[in-house]
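Asks: Quick one: the structure is below, questions incoming.
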Amino acid sequence: MPFFSVIIPLYNKEDYINECLESALNQRFNDYEIVIVNDGSTDKSVQIVEGFNSDKITLFHQDNQGASKARNKAASLSKGQYLAFLDADDIWKPNHLECLDESIRTFPKSGIYANNYFIKHSNAFTAPAKLNIQINTNKPIILEDFFEASLKETVVWTSATVIEKNKFMSYGMFNTAYPTGEDLDLWIRIAFKEPIVFHPKQTMIYNKSIKNSLGKIEDNDARFILFESFKEYEQKNSSLKAYLDLKRYGLALRTKINGENKIYKDTLKTIGFENLNMKQKLLLGTPSSLLKLLNKIRPVIIKNSLYLRIFKG
């Protein structure tokens, strides 16, 4: 039985899967398998995977059903004790699994294990994830408050995360009712009940620049329903409320730009504006025409930190 099963959902990533798989095969920690579920790709993704000569790789196929079902199928078919998720357009550094193994050995009875990471905003601009946490060590730690730590970028990013397979199954895996945000839903449910372990070393690059990435599907109705599903819990947890309000801020901004007026107005009603800063409030009050212009020039300003200063808290 391998210690880790690397879970890769694959859908039309011919430009990225080669580098992704090379990074997964270049790990210093060697006790792992790679389980790929091809989610009905129509490009050359499958041929590229089949070109790898490695007994670590197992490739399965399904009709196009989305990331949740692809990840769940890969997990069900896996043989490892722990599941390490990796999207086909993201990259691991050689110490990624090594650091996760260190976290597991240090805190063996925890809910989620996550490494620190970089975000690739464009081909010209990659920056460390901006986390709401003071880090004074290079050793794994237990987060005191997952939601507070995630008030900027989320502390737990899927491609930097590991969970014990039995635990993943016991939580019902990823909720396939959500075409987007299914990972966020699972992390929140686990964070209510179990410790979250964070390794400060940055071992993964999240490629946020891909338009058709699995995690960037535009289904804002589903996002709204997801956030509202925790309404009862956030009334008793101020950190969760603040965390979800920032997610709702992003949803409101997105739907205002897209002209999705109903979701925009419904989302505004659910936001506790005391949890937003002045810049975020000003952006929500900005005319949609100006927001659309800013969004249109985003490919230009995203090449440097100006994008983060404008749109991020």
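Asks: When ILE188 is evaluated against the numbered criteria (1) at positive phi; (2) without any contact (Cβ under 8 Å) to a residue 60 or more places away in the chain; (3) aliphatic (A, V, I, L, M), which criterion, by number, is the only one it fails?
Replies: Checking ILE188 against (1) at positive phi; (2) without any contact (Cβ under 8 Å) to a residue 60 or more places away in the chain; (3) aliphatic (A, V, I, L, M), the one that fails is (1).
Asks: If TYR178 satisfies all but one of (1) outside any loop (DSSP other than H, G, I, E, B); (2) crowded, with 21+ Cβ neighbours inside 10 Å; (3) under 17 Å from the mean Cα position of the chain (by Cα), what's the number of the condition it fails?
Replies: Of the numbered conditions (1) outside any loop (DSSP other than H, G, I, E, B); (2) crowded, with 21+ Cβ neighbours inside 10 Å; (3) under 17 Å from the mean Cα position of the chain (by Cα), the odd one out for TYR178 is (1).
Asks: Evaluate region 86-96: report whether one residue or more is among the small types (Gly, Ala, Ser) and at pLDDT below 95.
Replies: Checking region 86-96: not a single residue is among the small types (Gly, Ala, Ser) and at pLDDT below 95.
Asks: With the requirement that a residue be more than 15 Å from the chain's Cα centre (by Cα) and under 24 Å from ASN220 (Cα atoms), what does region 157-172 give you?
Replies: Answer for region 157-172, where residues must be more than 15 Å from the chain's Cα centre (by Cα) and under 24 Å from ASN220 (Cα atoms): just GLY172.
Asks: Further question on the same structure: Just the residues that are more than 14 Å from ILE196 (Cα to Cα), crowded, with 22+ Cβ neighbours inside 10 Å and more than 14 Å from the chain's Cα centre (by Cα), please, taken from region 102-156.
Replies: none
Asks: Write out, first by first residue and then by second, each pair whose Cβ atoms fall under 7 Å of each other, whose residues are 6+ apart or on separate chains, and whose first residue, in region 106-126, is under 17 Å from ASN207 (Cβ atoms) while the second is part of a strand (DSSP E or B) and among the charged types (D, E, K, R).
Replies: Here the result reads ASN115/LYS201; ASN116/LYS201; THR126/LYS120, each pair linking region 106-126 to a residue that is part of a strand (DSSP E or B) and among the charged types (D, E, K, R).
Asks: Among the residues in region 181-196, are any in contact with a helix residue (DSSP H, G or I) (Cβ under 6 Å, 6 or more places away or on another chain) and part of a loop (DSSP other than H, G, I, E, B)?
Replies: Checked region 181-196: at least one residue is in contact with a helix residue (DSSP H, G or I) (Cβ under 6 Å, 6 or more places away or on another chain) and part of a loop (DSSP other than H, G, I, E, B).
Asks: Give the residue, chosen from LYS130, LYS93, LYS120, that is over 26 Å from ARG28 (Cβ atoms) and among the basic types (Lys, Arg).
Replies: Among LYS130, LYS93, LYS120, only LYS130 is over 26 Å from ARG28 (Cβ atoms) and among the basic types (Lys, Arg).
Asks: Here's another thing I want to ask about it. Inspect region 153-171 for any residue being closer than 20 Å to ILE112 by Cβ, outside any loop (DSSP other than H, G, I, E, B), at pLDDT below 95 and of a type in the set (A, V, I, L, M) and give the result as yes or no.
Replies: Scanning region 153-171, I find no residue that is closer than 20 Å to ILE112 by Cβ, outside any loop (DSSP other than H, G, I, E, B), at pLDDT below 95 and of a type in the set (A, V, I, L, M), so the answer is no.
Asks: Going through region 260-313 one residue at a time, which ones are out of contact with any helix residue (DSSP H, G or I) (no Cβ under 7 Å at 6 or more places or on another chain), modelled with pLDDT under 85 and not in a helix (DSSP H, G or I)?
Replies: Scanning region 260-313 gives ILE297, ILE302, LYS303, ASN304, SER305, LYS312.
Asks: Return the pairs, sorted by first residue and then second, in which the second residue is surrounded by fewer than 21 Cβ atoms within 10 Å (Cβ to Cβ), the first residue lies in region 75-102 and is of a type in the set (Phe, Trp, Tyr), the beta carbons are less than 6 Å apart, and the residues are 6+ apart or on different chains.
Replies: TYR82/GLU164; TRP92/SER23
Asks: Quick check on region 111-131: of everything there that is of a type outside the set (A, V, I, L, M, F, W, C) and touching an Asp or Glu at 6+ places or on another chain (Cβ under 6 Å), which residue is modelled with the highest pLDDT?
Replies: The qualifying residue modelled with the highest pLDDT is GLY111.
The values are calculated or read from the model by the stated rules, or taken from the named source; none is laboratory data. As the structure is a prediction and not an experimental result, all values here were calculated from the model. Quick reminder, even Gly has a Cβ in these numbers, built from the backbone with ideal geometry, and neighbours come from all protein chains shown.
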